[in-house]
Structure formats: C-alpha cells, structure tokens
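Asks: Following this message is one structure expressed as structure tokens.
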Amino acid sequence: MQKKLLLLVLFLCTALPVFGQLTPIQNEKLATLLEKRINALRTDLGKTPLKRDISLAKAAQLHSDYMAKKGILSHKEQVKGFETPYDRVSHFNTDFGTIGENVLYSKPTRGVLNDKVLEKLAFEMFRAWKDSPGHYANMISSEYSYGDFGFTYDPKSKRIYATQVFGSEVIKIPGQFSPNAFGILKNDSKCNNLLYNKKNLIADLGNQISIVGNAIYFKYYSIHGLKKIISEEKDGLAIDIVLNSQLACGKPNELDSSPIHDGVMLAPIYRDALFAANEAEGDFRFIAKIGSIPESFVGKEFSLNLIFIKEGLKCSYNTPVSIPQKEYNLKSIEPILFRPKRQLVTEGIKEVTEVLFNFESGKVIPINQPKLNPNTSVYSIEINSYTSVDGPLKTNIHLQNERAAYIKDYVTKKLKTPNGKIVIQAKENWDLFDYQLEIRGLEDVRVLSKPEIKKYLLKNGNDWETELQEQRRSKAILYENGTWSSDSPLAPRYNLTHALIVNDNDLINLALAKIYDDTIFYDLLEQDPIFDRFLTNDKIVQNVAALLIKNIHFYELDKVTYFVRNWLLKADLLTQDAQKNLLNLYAITSKKMLRNWDTNSTDLSKVLHPKKVQPLFEHYKSGETVNPLFLNYHMSCLYYYGRTNEDQGIHESFTFVTNYYRKASLTLEDDIALALFFNSWSVYPYTIDLLEKEYRKKKYNEESLFILAQTINAYPYGMDKDDMLNVFKKAISMNKKRWCEWMKKDIQNLRDTKIKNLYCKTCN
C-alpha cells in the first residue's frame, strides 16, 4: 500500500480570539465549516467530496494534542506505534489505503470564541492550506475519498493546533496467495537502523528484475554486496505484481490497503534459499529465480515491484524505472605495419596438416586410427608425443617414447616420407597444464615444484580427468610441398606457411602485410603449428597483432587472448611498434572477453590483470594530449574492475575517463554521451548536474531533455519536484508521443499524483 504524505508546515497568520479548550461542539462546528469549504472547492474542480470518518478524526485529534503538548509542528511523533500518520490511523482502523495529512497552528491573540469567530477561523485555515501548493494538492487529490479533523488549544502559547487527515477507500486486490502477506511485518523505525549505510546499495533494486518465460529472475552486480544487505536468516525478497489497470486514468489509484504490498504478492524467498538458488557463472555476480508469473496474470499488462525484507520487516519497496545509459567505445587506433623490401615466392611448403592421436592413461596404442592420403608430397614431419603430468617420471618417459615410436611407424607406413626429415619431441605436457592451472586461478599450485604438483594430482586427479586427457593428445604435423602462381589469391597465405616453417622472418612479415591489405580472410589461428610459431617468434609480433586487430571479429577469441598474454609477459623482447599494436589489441580483446555482465571466472582469468600491463601503458601517459592508447587502457580497466567489483580500480579509471571526456566536450552531443556514460555507472548526480546546467541555459535538445527527465525520475534527490515536472513538460513539448510511451512503459510513475495528472491530461 502506498503512503503518500506531503510533509509541509504552515503558520496561520490571522488574528484569533483567546479562549479556553475547544468544547466538543465547537470542535465539530469548526470541522463542519472546514469540510464545507474544502468540499465546495473539490466540487468546483469536478472532484468527489470527501466523507468524514471517525477513525481519521481520532487520528487527527491525537496528533493535534501531541503537537500542542510539545509546542511543535510536525508530521512525526516520538511515541512508539504512533510515529507516522499511517501509524496513527492504523491504530484506530487498518482498512484505509493511501494516507495524507495537513497541519498548522494559529497566531496567538486575545478574545472570546463565538460562532462568528469560528467562521473566520475556518476561512483562515482553509485559505492558508489552499495557498500552500503541497497542502492544496492534498485537499483536491482524487486519491482521497475521506477526510476529517482534530483541533487542540494550547493555553501556554495561546495557539490552536489543527490537523486534517486524508484517507483513500480501502482496496483489497483479489487473488492473494496469503491472507497475512506471508507474515511479513510493516516497516517501522527499526528499518532505519537495519538499512544504515545500505540505502545506496538498495536504491536500484527495482531495476534488477527480469522475466524469462514465466520465471522471475533477480540479478545483482555484486554477490558480496548483496550478502551485506541480506545478511540475516529473515532477510529476503518478494515480488509484488501490480496491474497497469490499478493505476488507470479517471479514477484514484487502486492499491491494496495492505501495509506490505500494493498488488498481488508472491511468496518471499529468504537468505539461505536465495543464495542457494544463485545461477551466476562468475564469482562476483548474483542471478537467481525468485518466483514465477501466476497463470492469472498471463496476457495482462503488469509491473513487477520488489519488496526488500529485513529481519522480517518490509523495509523497502522498489519500482522499476527506465534509465538511459551507454558506455564509450574504445578509440579506434590504426595498427602499425612493417613492410620488408623483398618479393613473395611461388614454391615451398604449401600446406600444414595435423594428425591427432588420442591416448588413454598408461596406453601406447591410440583409441583412434586417423586416415592419411598416401599421395601426399611431404617436405617434413614433426611428431609431438605427450604424456599427462600426473604419472611417475620414469613411467612417463617410457610412455612418451613408445607413443612417438607408434606415431612414426604409423605415418611412415602410409606416406612417402623423406629420409632425415622427421623431428620427434616427446615430453610431459607441462606447458598445457600450467595454462590449465592459470585458467582455474590456482596460482598457489602453479608455484609448486613438479614433484609437489604430482602429489597434488594424486589427491585431486578425479577433478582433472578432462584436462589430463587433453594433455595426452599427441600429433603428427605434416608439412606438404607445392607450387603456386604469383597472382593466386592464396599466394600470401602459402608464403606465410612456407616462411614460418623455414624461419624466414622478412618473408613472414611481408606475407602478413599482404594478407592485411587483402579483402580475403584467412583464419591464421586455426592450425596449431602456425599459431605455435606466432607464440615463439618475437620478430613477427607487430604484424601478427596488426592482422588480429583488423579481423578481430573473425578469430577465435580465446586464442587471440592467449597470444596477447604470451607477449605482454615478454614485452621487453618487442620493438616499440610491436608493443603499441599489442597494447591496442589488449584493450580490444579485454572488452570483447568481458562484454558479458556475468563474465565467468574462466573468461576473466584469460584477461591479463590490468596491474600487470600498467607499466607498459604508462609510457603513453605523459604529454598534454592524452594518447588514445592510454585512454583505451583505462576503458579496458573499467571493464575488468567492473566485473570484479574492485572499487579502487573502478574509481581511478572512471575518474580518468570522466576527466578526459569533460575536457573534450565541445557540443551538446558530447555532453549527452558523457551523461549516458555516467548513468551506465549509476552516477546519476553527475548526469543531473551536467544536463541541468545546460537546461537552465536553454541549451538542450530532445535527447538531452529525455535523458535528464528519466534520470531525475530515477534519482529524485537532485531536483525539486516542481522543477522535475517542468522538465517533463518541456520534454512533452519536444515529443509528446515519446513521453507518453515512456510513461506507459514505466507505468509505476503514475503512483505520483502530479505525474499521473500530467500523463492523463497529456496522453488521453
């Protein structure tokens, strides 16, 4: 149930006679006179007259007595159970919906009370409330159908304290799943203590709800942050479904009179069950199903609102809002190519073929029998025979050699193999295992000695079965001779293959440059023998990185990321131009790898931590003009730290990016882009401050107005309510259809009477 209170204070300025405590007859006379004037005003405006109610009168009298006793004007009381207008009304009657309250006191004077004075007093009270926008809004609001009064005279100050309490018709939304809101208690002053220093964390909870099929999911950017606010056994979440028809124009909002929910409330899910339902792939995010759409709501228009429960109390009610946002793209940086002065060749090693052999643990005969073409013209053969790292070294040496012998025998019997051109490498596959450990984030295991790692695998081998199978996979690599014409579209690719095998670096770089210029795409990372040479030859990194940048959308991202990691950790071997291309590629691959909000820990571990590459980027930091390479570094930092929720890293890079684009902002479009960036990081006050300044200067367009309007609607602390409505009206003047569509989408905005009146009048 919505409690809509306008907490304004008035002083009655008319001179009134001094008299003793109001008698019941005088109190009723004054109430009747005020009722008559207020209802005449409502009738003139086409509003339904307010009805009197004894429960509202008791609550009003209780509060006037309290204010007179304390000598203050306030809507709050320091009496347990009577703190708010809603508490006071509920003490006498729990069947009211929205509650409102107007208060005032008179100026102290002397005189004698009579009917004429009561008439004058009622007129002055009416006029005082009518002249105050907030109090006037309460008096004429369509939300209220009841209203009653209480008056108390204070002999010390010679003032009369007056209270009018408003209430809406009691509404009970049908289809509830629990007669008592599942035992959740209404919020009270205890919630302020329970939510201390946590309000910023729960401010945006209403936007974390999504529907998949008929399942309702809740997601949160930080599971650790969520555990801070949902920390006790009786902390949890519940969905409240409000039909759009409950907020329809032409009638008061029909919100359930329950102090817990406004629509149909679904069963809450509490701490232990909530965290047990987490489906997030990454270690830092939270995604869980918290309910299902009831069949009775299928095909209807509704909104999902989130009730936040703290220690069994309803401590927050969050509604969804639209907040426009967009992150900046990386700056486009043209790669630097090295073009050697020489010619392409037309014969040599034309093709590379990998023949894989899969071995089971302890076996020297593979489980597969690969097919070979006996007519293949072979230049040379390379055999890589592996054992997994888990067995005893002596046993593994025997297995490696036996597997290599089997592969050699198998290949030479089926192919015409040149003598002396078979190279065999047999070893435990420690390189692959080290990468597997890194991907799993097991840095404490990586630093162990090989004997200690073997002991580790002896205890944990069952968890590594798939990885150990990959380590045992062996291969024969066939390098095939051939010729080609110089004008063949595949000539650059054939040259690259040949040059990589014979270690001709100039020819490699020339072929890479030709491929870069070509419109034909070749997947140069598909074959491991080619990719392996990219990882070991520092003289070709510059052009390989340039080519990967150009065709980044076509290559397997895992391999590109591995290439970047490999060379950034050995950057001292590279030229400055190679480093530039590699750093450019680092920012691009980081963004692509971390593009998913719920980045899994495996993908996250593939991206080199920003701190490890920061010294390389620092070289491009100095100078009056920011190097786009250094800007891209901070953009990639934001992606990384935003996925790991590292506040210090986020703050440093966010500040750098913000300062850069503030200085670079020359047009309103630049400000709009910056505002959308602020919103993408939930820094709504920055957006409001930026766009409101331009708005005050009358420097705005449709887009900036709507971004400002939607942001202040989501974060209503940065602008006065009337000012916000003026922004709304200006947005309407720019594009009424767009504003109406926004309000229809964010129908929960119509809970606010002023916004609803504007919507109903504007959008029919």
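Asks: For the stretch 462-570, give me every one of the helices (runs of 4 or more DSSP H) that falls completely inside it and has 3 or more residues that are within 30 Å of Gln614 (Cα to Cα) and in contact with a Phe, Trp or Tyr (Cβ under 7 Å, 6 or more places away or on another chain).
Replies: The qualifying helices (runs of 4 or more DSSP H) are 541-550, 557-568.
Asks: Among the listed residues Thr84, Thr98, identify the single one that is open to solvent by 30 Å² or more (accessible area, probe 1.4 Å) and more than 23 Å from Glu124 (Cα to Cα).
Replies: It is Thr84.
Asks: Give me the residue from the stretch 596-641 that is of a type in the set (Val, Ile, Thr) and open to solvent by 20 Å² or more (accessible area, probe 1.4 Å) and, out of that set, nearest to Lys559 (Cα to Cα).
Replies: Only one residue tops the list, namely Thr602.
Asks: With the structure loaded, tell me whether Leu468 is open to solvent by less than 20 Å² (accessible area, probe 1.4 Å) and either among the β-branched types (Val, Ile, Thr) or under 17 Å from Ser361 (Cβ atoms) (or both) or whether it fails that test.
Replies: Taking the combined requirement at face value, the residue satisfies it.
Asks: Quick one: count up the residues across the stretch 425-455 that are open to solvent by less than 50 Å² (accessible area, probe 1.4 Å), in a helix (DSSP H, G or I) and over 19 Å from Arg565 (Cα atoms).
Replies: 3
Asks: Pairs under 8 Å by beta carbon, first residue more than 16 Å from Phe678 (Cα to Cα) in the stretch 715-726, partner open to solvent by 70 Å² or more (accessible area, probe 1.4 Å) and at pLDDT 85 or above, six or more apart or different chains?
Replies: Here the result reads Lys721/Lys754; Asp722/Pro133; Leu725/Lys754, each pair linking the stretch 715-726 to a residue that is open to solvent by 70 Å² or more (accessible area, probe 1.4 Å) and at pLDDT 85 or above.
Asks: Could you say which residue among Phe654, Phe617, Phe630 is farther than 20 Å from Ile549 by Cβ and not acidic (Asp, Glu)?
Replies: Exactly one residue qualifies, and that residue is Phe654.
Asks: Among the numbered criteria (1) open to solvent by 80 Å² or more (accessible area, probe 1.4 Å); (2) among the acidic types (Asp, Glu); (3) part of a loop (DSSP other than H, G, I, E, B), which single criterion is violated by Asp256?
Replies: (1)
Asks: Can you find a residue in the stretch 573-586 that is part of a helix (DSSP H, G or I), at pLDDT 95 or above, of a type in the set (Ser, Thr, Tyr) and within 36 Å of the chain's Cα centre (by Cα)?
Replies: So far as the stretch 573-586 goes, yes, one or more of its residues are part of a helix (DSSP H, G or I), at pLDDT 95 or above, of a type in the set (Ser, Thr, Tyr) and within 36 Å of the chain's Cα centre (by Cα).
Asks: Check Ile209, Ile223 and return the single one that is over 13 Å from Ile269 (Cα atoms), within 17 Å of the chain's Cα centre (by Cα) and open to solvent by 30 Å² or more (accessible area, probe 1.4 Å).
Replies: Result: Ile209 is the single residue among Ile209, Ile223 that is over 13 Å from Ile269 (Cα atoms), within 17 Å of the chain's Cα centre (by Cα) and open to solvent by 30 Å² or more (accessible area, probe 1.4 Å).
Asks: Still on this structure, please answer the following. Where in the stretch 96-211 are the strands (runs of 3 or more DSSP E), entirely inside, with at least 3 residues that are among the aliphatic types (A, V, I, L, M)?
Replies: 99-107, 159-167
Asks: Among the residues of the stretch 13-48, which ones are at pLDDT 95 or above, in contact with a helix residue (DSSP H, G or I) (Cβ under 7 Å, 6 or more places away or on another chain), within 25 Å of Val170 (Cβ to Cβ) and open to solvent by 10 Å² or more (accessible area, probe 1.4 Å)?
Replies: Answer for the stretch 13-48, where residues must be at pLDDT 95 or above, in contact with a helix residue (DSSP H, G or I) (Cβ under 7 Å, 6 or more places away or on another chain), within 25 Å of Val170 (Cβ to Cβ) and open to solvent by 10 Å² or more (accessible area, probe 1.4 Å): just Leu41.
Asks: Quick check on Ala59: is it at pLDDT 95 or above, in contact with a helix residue (DSSP H, G or I) (Cβ under 7 Å, 6 or more places away or on another chain), in a helix (DSSP H, G or I) and of a type outside the set (D, E, K, R)?
Replies: So Ala59 passes the test.
Asks: Just need a number here: residues in the stretch 259-274 that are among the small types (Gly, Ala, Ser) and either outside any loop (DSSP other than H, G, I, E, B) or open to solvent by 10 Å² or more (accessible area, probe 1.4 Å) (or both).
Replies: The qualifying residues number 2.
Asks: Only residues that are polar (S, T, N, Q) and either within 20 Å of Met265 (Cβ to Cβ) or in a strand (DSSP E or B) (or both): list them for the stretch 229-251, please.
Replies: Residues satisfying the conditions are Asn244, Ser245, Gln246.
Asks: Follow-up. Looking at Tyr196, Tyr161, which is the one that is more than 20 Å from Leu50 (Cα to Cα) and open to solvent by less than 40 Å² (accessible area, probe 1.4 Å)?
Replies: Sole residue among the options that is more than 20 Å from Leu50 (Cα to Cα) and open to solvent by less than 40 Å² (accessible area, probe 1.4 Å): Tyr161.
Asks: If you don't mind, another one. Is there a residue in the stretch 158-173 that is of a type in the set (A, V, I, L, M, F, W, C) and over 22 Å from Thr84 (Cα atoms)?
Replies: Within the stretch 158-173, one or more residues are of a type in the set (A, V, I, L, M, F, W, C) and over 22 Å from Thr84 (Cα atoms).
Asks: Taking the stretch 729-738 as the region of interest, how many residues are among the hydrophobic types (A, V, I, L, M, F, W, C) and open to solvent by 70 Å² or more (accessible area, probe 1.4 Å)?
Replies: So the answer is 1.
Asks: Under 6 Å between Cβ atoms, which residue pairs at least 6 apart in sequence (or on different chains) link something in the stretch 686-709 that is farther than 12 Å from Ile672 by Cβ with a partner that is open to solvent by less than 40 Å² (accessible area, probe 1.4 Å) and of a type in the set (Gly, Ala, Ser)?
Replies: From the stretch 686-709, the pairs are Ile688/Gly718; Ala709/Ala731.
Asks: Would you please list the contacts, defined by Cβ atoms under 6 Å and residues six or more apart or on different chains, that run from a residue in the stretch 217-239 that is more than 17 Å from Asn192 (Cα to Cα) to a residue that is at pLDDT below 95 and of a type in the set (Ser, Thr, Tyr)?
Replies: Final answer for the pair search is Tyr217/Ser210; Leu226/Tyr220.
Asks: Continuing with the same structure: For the stretch 699-728, what are the residues that are touching a Leu at 6+ places or on another chain (Cβ under 7 Å) and either under 24 Å from Gly206 (Cβ atoms) or open to solvent by 70 Å² or more (accessible area, probe 1.4 Å) (or both)?
Replies: Scanning the stretch 699-728 gives Lys699, Ile707, Leu708, Leu725, Val727, Phe728.
Asks: Further question: Pick out the one residue from Lys416, Lys394 that is in contact (Cβ under 8 Å) with a residue 12 or more places away in the chain, open to solvent by 10 Å² or more (accessible area, probe 1.4 Å) and basic (Lys, Arg).
Replies: Result of the check over Lys416, Lys394: Lys416.
Asks: When you scan the stretch 283-306, do you find a residue that is within 27 Å of the chain's Cα centre (by Cα), assigned to a loop (DSSP other than H, G, I, E, B), more than 21 Å from Gly206 (Cα to Cα) and not hydrophobic (A, V, I, L, M, F, W, C), even just one?
Replies: Yes.
Asks: Looking at the stretch 433-475, which of the residues that are free of Cβ contacts under 8 Å to residues at least 40 places away in the same chain and of a type in the set (A, V, I, L, M) is nearest to Leu535 (Cα to Cα)?
Replies: Among those that are free of Cβ contacts under 8 Å to residues at least 40 places away in the same chain and of a type in the set (A, V, I, L, M), it is Leu437.
Asks: Mind checking which residues of the stretch 318-356 are among the β-branched types (Val, Ile, Thr), open to solvent by 40 Å² or more (accessible area, probe 1.4 Å) and not in a strand (DSSP E or B)?
Replies: Thr319, Ile333, Ile336, Val345, Thr346
The values are calculated or read from the model by the stated rules, or taken from the named source; none is laboratory data. Remember, predicted model here, so these are calculated numbers, not experimental data. Cβ sites come from the backbone with ideal geometry, for glycine too, and all protein chains shown count toward neighbours. Calculation scope for accessible area: heavy atoms of the full protein, side chains included, ligands and nucleic acids excluded. Shrake-Rupley method; radii C 1.70, N 1.55, O 1.52, S 1.80 Å.
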